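Okay, structure first, notes after.
The values are calculated or read from the model by the stated rules, or taken from the named source; none is laboratory data. These numbers were taken from a predicted model, which means no experiment stands behind them. Cβ atoms come from the backbone with ideal geometry, glycine included; neighbour counts cover every protein chain shown. We work out accessible area using only protein heavy atoms, side chains counted, and drop any ligands, DNA or RNA first. Shrake-Rupley method; radii C 1.70, N 1.55, O 1.52, S 1.80 Å.
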Amino acid sequence: GSQPLLEDTPPRIVEHPTDLLVSKGEPATLSCKAEGRPAPVVEWYKDGERVETDREDPRSHRTLLPGGALFFLRILHGRRGKPDEGVYVCVARNYLGEAISRNASLEVAGE
């Protein structure tokens, strides 16, 4: 008898992230808001790999905000690469399923 409760609903993305062009060293926010019951857990993926936030790594410059948005304290961009540049997608999950947002690309403005 693990029937879903009537009021429980699978996640649905109600606010999708949009493409960003950010200057190096500036803060940035990729928005994402999901609804569902129970409240879905949001994870971010960049180029298909899960994004580590400060919850997993206290040194991380990326924070998962309470609503599900991904906040960058400052966009990293150095001679060794552009670790924040890429295509992001947010995934919201609960026990009834998952919802995947549209792709949003984050680009770092030229030097």
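For residue 85 and residue 6, what is the calculated FRET efficiency with R₀ set at 41 Å and r taken between the beta-carbons, to the nearest 0.05?
0.40
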| task | Enter the Cα centre distance for the pair region 1-45 and region 79-104, rounded to the nearest angstrom. | result | 10
| Which chymotrypsin sites (Phe, Trp or Tyr not before Pro) in region 1-96 pass both tests, a DSSP loop state and at most 14 other beta-carbon atoms within 10 Å? | 95
| With every protein chain kept in the model, how would you rank 37, 93 by accessible area, 1.4 Å probe, largest at the top? | 37, 93
| request: Please work out the Cα convex hull volume for region 1-71 and give it in Å³ per residue. | output: 120
| If you roll a 1.4 Å probe over the heavy atoms of the protein chains, what accessible area per residue do you get for the chain, in Å²? | 63
| said: Out of the total accessible area of region 52-111 (probe 1.4 Å, heavy atoms of protein only), what percent is carbon and sulfur? | reply: 50
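How about region 29-64: which trypsin sites (Lys or Arg not before Pro) there lie in a loop by DSSP and see at most 11 other Cβ atoms within 10 Å?
For trypsin sites (Lys or Arg not before Pro) across region 29-64 that sit outside H, G, I, E and B with at most 11 neighbouring Cβ atoms in 10 Å, the list reads 55, 59.
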| request: Determine the dipole magnitude for the chain: charges of +1 sit on the beta-carbon of Lys and Arg, -1 on that of Asp and Glu, nothing else is charged, the reference point is the Cα centre, and the result goes in debye to the nearest 20. | output: 200
| remark: Reported to the nearest 10 Å², residue 73 has, with a 1.4 Å probe, an accessible area equal to 90
| query | Quick one: if you stick a label point 7 Å off each Cα along the C-beta vector at residue 96 and residue 15, how many nm between them? | reply | 2.2
| request: Note down the net charge around residue 95, summing +1 for each Lys or Arg and -1 for each Asp or Glu among other residues with Cβ under 13 Å from its Cβ. | output: 0
